[in-house]
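Please treat every number below as a calculation from the coordinates, not as lab data. Quantities reported herein were computed from a predicted structural model and do not represent experimental measurements. Here the Cβ is made from the backbone with ideal geometry for all residues, glycine too, and neighbour counts use every protein chain on show.
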Amino acid sequence: MSQTLLDKVWAAHTVRTLPNGATQLLIGTHLIHEVTSPQAFGMLRDLNLKVLYPSRTFATVDHIVPTDERAEPFSDDLADAMIKALRSNCAENGITFFDLPTGKQGIVHIVGPEQGITQPGTTIACGDSHTSTHGAFGAIAFGIGTSQVRDVLATQTMALHKPKVRRINVNGKLSPGVYAKDVILHIIRKLGVNGGLGYAYEYGGTTFDAFTQEERMTVCNMSIEGGARVGYVNPDETTFEYLKGRPYSPKGADWDAAVARWKATASDPDAKYDDIVTFDAAEISPTVTWGINPGQAIFIHEKVPFPNEVPEKDRSTAEEALAHMLLKSGNPIKGTKVDVAFLGSCTNGRLSDLQEVARYIKGRKVNKGVKAIVVPGSQGVASVAESMGLAEIFREAGFEWRGAGCSMCLGMNPDKLVGEQLCASSSNRNFKGRQGSPTGRTVLMSPLMVAAAALSGEISDAREVFGIK
Amino acid sequence: MALEKITQVGGRGVYVPGDDLDTDRIIPARFMKCITFDGLGEFAFYDARAFAKAEGQTHPLDDARFTGASILLSGSNFGCGSSREHAPQALYRFGIRAIIAESFAEIFFGNSITLGMPCVVMSGEDIRSVAKLIESDPAALLTLDLTEKKLSIADMDFPITIAPHAHEALVTGKWDAIADLLEGIDAVRTRAATLPYMAA
């Protein structure tokens, strides 16, 4: 008793303590993609090792796939070599690959939950820092480097040290026009981009209780942007409802047994935390970033800060950010001209994100000066959205409707910013050069705020653009 | 797999100032289109170096005075962002063998240790002092001593800290966990058998 979910999952997956004091932790589910896995398979070959549990590794291709012309071979030879390498590594090792022709391809953090592979009480690893997304199901999910991808392939384990747990409560009801994205941007703004170092974040409180599974994923997704490698929400009826009937979810009597187990993995009411932080949902407004890390964020009605208004340790980064973003301290962020609007990514590329935006943009038009693209997070999301008529609404409004992938979140495919373009983006990182142009500028925000920027041609308050009261 | 016991790293230093130097900065994503880590070294801090050049300046990594430096000094939260091992791989292949910063992001830190590249923590004040010494004498040799937990340069010692488990792993030659993990395979199978989702 008095245990957190992390304590319970950690104990259930501990294989042994290694000589250097680290835990050899069993990783029940391993997700791989084309960018961080080929070198790991190469290392396995060099060491003459095999994949220990091929049935517990699942692959998809997301970072490098073009979102417009998807016929192979890709025009980019390097991208083409990467998808081919993944295909042959999966075939050779008996790994399930949600490849382009399967209709199940997509961003790895959208595919896992969609397929029912992501389950409560499990451990998950993937060579991608946004693996924390899966924590929304009460899984302990780690972003890992390529050498650890090798470790998991060869041994289904990793050497890890147990993190501390910070409970983050958000209580109350969000105002209309305020979303899960604003919640996590606000948390990172307040706790800092390295505030989570050494911690797992357990998100809870009445706001999270009321959140849908997809909203929880948006928050958990960005845990790493706050420095926390792991973020999770305790599983509840919302979680079970989401998972029921998905391809890899337990069926029949196994389902009932699984739900009983999953319920028992939630943190005990008297669980002990290393730290507790509480926020009031009513205090959160639509939030946008003004700088070059996700912690450099302000409410839409605030002004771009002066360097001397931020804590001294953050001042030099603030100056660098202002120079890169070409923003002037003291000016409102609202009204900043936007060149590109990107709706997608593992943070906000799910069906509910597209539904919410489509509801408001129906019958309206993207500003002439803006290139607006919608990139569904998976082929599954795309196909449902198309059958619901959402794609048509976006196209009629002047958005380009693309194929599934990571796309302009990090510009590893042909979708990139050009020059100093400013992008209103529903993604997770505003690092310098992140969206493919070294001088490109990224402003992170919720999907509806991206839509508001697309329609008005400038950073806007979606509540004003869409008359939300 | 016997690995080298890393107790000391010696070499010249280079100071790349800045806090929150993220992994996109260390290796922009467009250079990750590769299926091996070979050749990543030349892309370390690629955009930052190109910017400096375009503005008629010289990035420390391109400054001839620091050519061949193997100990990198920087600010806080070094390596934040993505889990890409390409970042420490690029620095290693550039010739870096140890990093000294005020703090490190967790995944970057782990990835670096696994390569046998120590990441040690020093106070910002000391880092700036060492940076001044390097600036005034770029040929000065630095010695990072993990046993004594200090950095020495020109008869001066500066205290460093490193997470105990990483320290242990480096000095005992166990910084790559794969050998230890493989020894536990039987225990892995036993543990996996207790988890219904792994049996399914």
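Output ³J(HN,Hα) for region B:12-21: one whole-Hz value per residue in order, computed from phi by the Karplus curve 6.51 cos²θ - 1.76 cosθ + 1.60 with θ = phi - 60°, and x for Gly and Pro.
Computed from phi, the couplings for region B:12-21 are 7, x, 9, 9, 10, x, x, 9, 6, 5 Hz.
With r as the distance between the Cβ atoms of B:Glu148 and A:Glu392 and R0 = 56 Å, compute the FRET efficiency 1/(1 + (r/R0)^6) and round to 0.05. Each step should come with its number before you reach the end.
Details: r = 68 Å, r/R0 = 1.22.
Computed FRET efficiency for A:Glu392 and B:Glu148 comes out at 0.25.
I'd like the distance separating the alpha-carbon centroids of region A:90-157 and region A:280-337, in whole Å.
Centre-to-centre (Cα) distance: 34 Å.
Could you tell me how far the Cα centroid of region B:76-155 sits from the Cα centroid of region A:40-57, in Å?
Value for the Cα centre distance between the two parts: 31 Å.
Which links in A:Lys104/A:Lys162; A:Lys313/B:Lys33; A:Lys181/A:Lys303; A:Lys8/A:Lys162; A:Lys303/B:Lys53 stretch past 23 Å when you go from one Cα to the other? Don't skip to the end; give the middle numbers.
On the way: A:Lys104/A:Lys162 34 Å; A:Lys313/B:Lys33 35 Å; A:Lys181/A:Lys303 20 Å; A:Lys8/A:Lys162 12 Å; A:Lys303/B:Lys53 33 Å.
From A:Lys104/A:Lys162; A:Lys313/B:Lys33; A:Lys181/A:Lys303; A:Lys8/A:Lys162; A:Lys303/B:Lys53, over 23 Å: A:Lys104/A:Lys162; A:Lys313/B:Lys33; A:Lys303/B:Lys53.
At q = 0.12, 0.18, 0.23 Å⁻¹, what log₁₀ I(q)/I(0) does region A:288-365 have when each alpha carbon counts as one equal point scatterer in the Debye sum?
Cα-only, vacuum Debye calculation for region A:288-365: -0.46, -0.85, -1.08.
Calculate the dipole size of the protein assembly as shown relative to its Cα centre from +1 charges on Lys and Arg beta carbons and -1 charges on Asp and Glu beta carbons; express the result in debye to the nearest 20.
Values: 66 positive and 77 negative charges, 170 e Å.
Magnitude of the dipole: close to 820 debye.
Give the residue from B:Leu91, B:Val171, B:Gly11 lying farthest towards the positive end of the charge dipole for region B:8-173; charges sit on Cβ (+1 for Lys and Arg, -1 for Asp and Glu) and the dipole is referred to the Cα centre.
Of B:Leu91, B:Val171, B:Gly11, it is B:Leu91.
Report, in deg cm²/dmol and to the nearest 500, the calculated mean residue ellipticity at 222 nm for chain B, where each DSSP H run with n ≥ 4 adds -39500 (n - 2.57) and the sum is divided by the residue count. All intermediate terms of the calculation are to be shown ahead of the outcome.
Numbers: 9 runs with 71 residues, N = 200.
Mean residue ellipticity at 222 nm (helix-derived): -9500 deg cm²/dmol.
Calculate one ³J(HN,Hα) per residue across region A:405-421 by plugging θ = phi - 60° into the Karplus curve 6.51 cos²θ - 1.76 cosθ + 1.60, and present them in order as whole Hz with x for glycine and proline.
Per-residue couplings from phi come out as x, 6, 6, 6, 4, 9, x, 8, 10, x, 7, 9, 6, 10, x, 8, 3 Hz.
Amide H of B:Lys150 versus every other amide H placed in the peptide plane: which residues, excluding those fewer than 5 positions away on the same chain, fall under 5 Å?
B:Asp145, B:Ile160
At B:Asp63 and A:Arg45, where each label point lies 7 Å from the Cα along Cα→Cβ, what is the point-to-point distance in nanometres?
It is 4.2 nm.
Whose amide H sits under 5 Å from the amide H of B:Asp20, counting only residues 5 or more places off or on another chain, with H placed in the peptide plane?
Here B:Ser76, B:Asn77, B:Phe78 satisfy the definition.
I need the calculated FRET efficiency for the pair A:Asp76 and A:Ser55, taking r as the beta carbon distance and R₀ as 25 Å, to the nearest 0.05.
Taking R0 as 25 Å, the efficiency between A:Asp76 and A:Ser55 is 0.20.
Expressed in whole Å with the largest first, what are the equivalent ellipsoid semi-axes of chain A derived from the C-alpha gyration tensor as the square root of 5 times each eigenvalue? Spell out each step's value before the answer.
Numbers: eigenvalues 217, 140, 97 Å².
Computed over chain A, the values are 33, 27, 22 Å.
At a Förster radius of 45 Å, what calculated FRET efficiency corresponds to the Cβ-Cβ distance of A:Ala323 and B:Thr36, to the nearest 0.05?
Numbers: r = 36 Å, r/R0 = 0.79.
Once the sixth-power term is evaluated, E becomes 0.80.
Give the long-range amide H neighbours of A:Lys162: residues separated by 5 or more places, or on another chain, with amide H under 5 Å away, using H modelled in the peptide plane at 1.01 Å from N.
A:Thr23
Mean separation of Cα pairs under 8 Å and 6+ residues apart, divided by the residue count of chain B: what relative contact order is that in percent? All intermediate terms of the calculation are to be shown ahead of the outcome.
Working: 361 pairs, mean separation 50.8, N = 200.
Here the relative contact order equals 25 percent.
Read phi for every residue in region B:58-71 and hand back ³J(HN,Hα) as whole Hz from Karplus 6.51 cos²θ - 1.76 cosθ + 1.60, θ = phi - 60°, with x for Gly and Pro.
Those phi angles translate into 10, 5, x, 6, 9, 6, 4, 5, 10, 4, x, 5, 10, 10 Hz.
Can you give the local net charge around B:Glu135? Use residues other than it whose beta-carbon is closer than 13 angstrom to its beta-carbon, Lys and Arg +1, Asp and Glu -1.
Working: positive: B:Arg12, B:Arg65, B:Arg128, B:Lys132; negative: B:Asp63, B:Asp137.
Neighbourhood net charge equals +2.
Principal axes first, then extents: for the Cα atoms of region B:58-165, list largest minus smallest coordinate on each axis, whole Å, largest first.
Projected onto its principal axes, the Cα set of region B:58-165 covers 35, 32, 21 Å.
Compute the signed sum of charges (Lys and Arg +1, Asp and Glu -1) over the other residues within less than 11 Å, Cβ to Cβ, of B:Leu115. Intermediate values should be presented prior to the final figure.
Working: positive: B:Arg93, B:Arg97; negative: B:Glu85, B:Asp176.
Neighbourhood net charge equals 0.
Taking the alpha-carbon centroid of each part, what is the distance from region A:386-455 to region A:176-235 in angstrom?
22 Å
With each pseudo-label sitting 7 Å past Cα toward Cβ, what's the A:Gln355-A:Asp270 distance in nm, one decimal?
4.0 nm
Give me the number: length gained by fully extending A:Glu69 to A:Lys469, i.e. 0.36 nm times residue separation minus the C-alpha to C-alpha distance, one decimal in nm. Walk me through the numbers on the way to the answer.
Details: separation 400, 0.36 × 400 = 144.00 nm, distance 4.07 nm.
Extending this stretch completely gives an extra 139.9 nm.
Per-residue counts of other Cβ atoms within 10 Å, averaged by peptide: what ranking do you get for A:300-308, B:111-119, highest first? Can you show the working numbers first?
On the way: A:300-308: 16.0, B:111-119: 23.6.
Ranking the peptides A:300-308, B:111-119 by packing returns B:111-119, A:300-308.
How big is the shadow of the Cα convex hull of region A:301-462, averaged over all directions, in nm²? Could the numbers behind the result be given before it?
Numbers: hull surface 36.1 nm².
Spelled out: convex hull of the Cα atoms, projected over all directions, averaged, 9.0 nm².
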